[in-house]
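The values are calculated or read from the model by the stated rules, or taken from the named source; none is laboratory data. These numbers were taken from a predicted model, which means no experiment stands behind them. Positions of Cβ are backbone-derived with ideal geometry, glycine not excepted, and every protein chain shown enters the neighbour counts.
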Amino acid sequence: MKLQVPEHIAAIVPYPPGKPQDELEREYGIRDSIKMASNENPWGPSPKAVAAIADSLNNLHRYPDGSCYSLVQSIADKLRFDPEQIVMGNGSNEVIEFLVKAFVQRGDEVITSHPSFLMYQKIVQVRGGTNTVVPLREMNHDLPAILKTITEKTRLIFLDNPNNPTATVIDPNALEDFLFRVPEGVIVVLDEAYIDFVDSGLRPDLHSLIRDRASRCAVVSLRTFSKAYGLAGLRVGFGLMSPRIADCLHRVRQPFNVNNLAQIGALAALEDNEFYELGLQRNRDGLAFLQRELAALGCRCYPSQTNFFLTDILGDAAELYEAMLYKGVIIRSMKPYGYSHLIRITVGTTDENERLVVALAECLRDLGRV
Ligand SMILES: Cc1ncc(COP(=O)(O)O)c(C=O)c1O
């Protein structure tokens, strides 16, 4: 077989997902592993979402509603946007893909930060676009450096806010100032996958930013049901944007891109406010517990506005990651991101957090770091 693989496709390094628990247990011959690596909601999905999905299983022979009518209406009501400003995706990842498909042609430039969520750059590579990568400054998006990097070929700027993996948040005033300086033809994408966890005073005022204004760049916000809403396995996310941008994204999407069960589960989760609020409170408690206990072990913890945080584990991160796997605890080494002494930990359930602290203390001792 003679395969003609285009050069820009051959150059793509596939996204490295967190290690699956089944794989760990098979490879290491262990049981009862815990995963605190992929920023999921450890408390599971809303029971109301599960019940709604169970009730709808007999409809699997039908195509889903391609417009996601009920879900879009419900999001529009809750967030006070017009339905025409909402585009649903198979995870917010798919909305990232729509944006790149709709606005980036071969040779166009897209600005991202490093380190930040890896998918932006990969999707741009698929499209044959050019990634312009701006290093973070003290773990924050370097907005002045990004402004200097914009050229007439720049189409999109991706800013994850909070940033994954550093958990830092852009100051809303600095963001506002930045947006006024970005040229009109560029779209700034605020990836707000973790915005639910952020203190309300630190969240940008999306209504004013997204409004279609003359002489200012367009802003798109990306949201997901994978984090605070606990539905990562269903794959539902959405974008909030001007109707003109939404119209472009609808042109490039598949007609049934969000499946039936995902629409039904997300709708029920959206209405289960009690579960949502409880999850946020549990996350705050878990984050405070972990950071307190890790600090007591001598590990410097970086502040976080999310359900994950970075910590300095006093030596090589890859070595500690491996040692933790033997204890059945999956975390993320930040070595591949250029932070050789940092790991990223996702807040778990109360039991998981306690197990992580015990395992980490043992590993640090075994490795001679404390
Ligand atoms: C910053 C950021 N954006 C987007 C996503 C993807 O979200 P979804 O599951 O909605 O595709 C993630 C997932 O980890 C993320 O960290």
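Can you name every residue in region 115-142 that is free of Cβ contacts under 8 Å to residues at least 24 places away in the same chain and not hydrophobic (A, V, I, L, M, F, W, C)?
The initial filter retains those residues of region 115-142 that are free of Cβ contacts under 8 Å to residues at least 24 places away in the same chain, namely 121, 130-135, 137-138.
The answer is Q121, T130, N131, T132, P135, R137, E138.
Out of L3, L79, L99, L60, I need the residue that is touching a Leu at 6+ places or on another chain (Cβ under 9 Å), exposed (fewer than 14 other Cβ atoms within 10 Å of the Cβ) and not charged (D, E, K, R). Which one? Let's see the steps before the verdict.
Numbers: L3 fails: touching a Leu at 6+ places or on another chain (Cβ under 9 Å); L79 fails: exposed (fewer than 14 other Cβ atoms within 10 Å of the Cβ); L99 fails: exposed (fewer than 14 other Cβ atoms within 10 Å of the Cβ).
So the residue among L3, L79, L99, L60 that is touching a Leu at 6+ places or on another chain (Cβ under 9 Å), exposed (fewer than 14 other Cβ atoms within 10 Å of the Cβ) and not charged (D, E, K, R) is L60.
Could you say whether any residue in region 155-178 is under 20 Å from the mean Cα position of the chain (by Cα) and loosely packed, with under 15 Cβ neighbours inside 10 Å?
Step one: of region 155-178, the residues under 20 Å from the mean Cα position of the chain (by Cα) are 156-172, 175.
Those still in the list that are loosely packed, with under 15 Cβ neighbours inside 10 Å too: 171.
Yes, because at least one residue in region 155-178 is under 20 Å from the mean Cα position of the chain (by Cα) and loosely packed, with under 15 Cβ neighbours inside 10 Å.
Give me the pairs, please: first residue somewhere in region 90-103 and near the ligand (Cβ under 10 Å from one of its atoms), second residue anywhere and among the hydroxyl-bearing types (S, T, Y), beta-carbon distance under 6 Å, and either six or more positions apart or on two chains.
Hits for this filter: S92/T224.
Residue check: is L360 within 26 Å of K227 (Cβ to Cβ), in the same structural domain as E40 (by TED's automatic domain parsing), in a helix (DSSP H, G or I) and of a type in the set (A, V, I, L, M, F, W, C)?
Details: within 26 Å of K227 (Cβ to Cβ): yes; in the same structural domain as E40 (by TED's automatic domain parsing): yes; in a helix (DSSP H, G or I): yes; of a type in the set (A, V, I, L, M, F, W, C): yes.
Yes; evaluated as a whole, the condition is true for this residue.
Within region 239-296, considering only helices (runs of 4 or more DSSP H) that don't extend past its boundaries, which have at least 1 residues that are crowded, with 20+ Cβ neighbours inside 10 Å and among the β-branched types (V, I, T)? Break it down stepwise before answering.
Numbers: elements: 243-252, 260-271, 273-296.
Once the helices (runs of 4 or more DSSP H) in region 239-296 are filtered for at least 1 residues that are crowded, with 20+ Cβ neighbours inside 10 Å and among the β-branched types (V, I, T), what remains is 243-252, 260-271.
What about F238, is it in contact with a Gly (Cβ under 8 Å, 6 or more places away or on another chain) and assigned by TED's automatic domain parsing to the domain that holds P115? Break it down into steps so the answer makes sense when it comes.
Values: in contact with a Gly (Cβ under 8 Å, 6 or more places away or on another chain): yes; assigned by TED's automatic domain parsing to the domain that holds P115: yes.
Yes.
Given the condition within 14 Å of the ligand (Cβ to nearest atom) and in contact (Cβ under 8 Å) with a residue 40 or more places away in the chain, answer yes or no: does some residue in region 145-157 qualify? Write out each step before concluding.
Taking region 145-157 as the starting set, the residues that turn out to be within 14 Å of the ligand (Cβ to nearest atom) are none.
No; the residues of region 145-157 include none that is within 14 Å of the ligand (Cβ to nearest atom) and in contact (Cβ under 8 Å) with a residue 40 or more places away in the chain.
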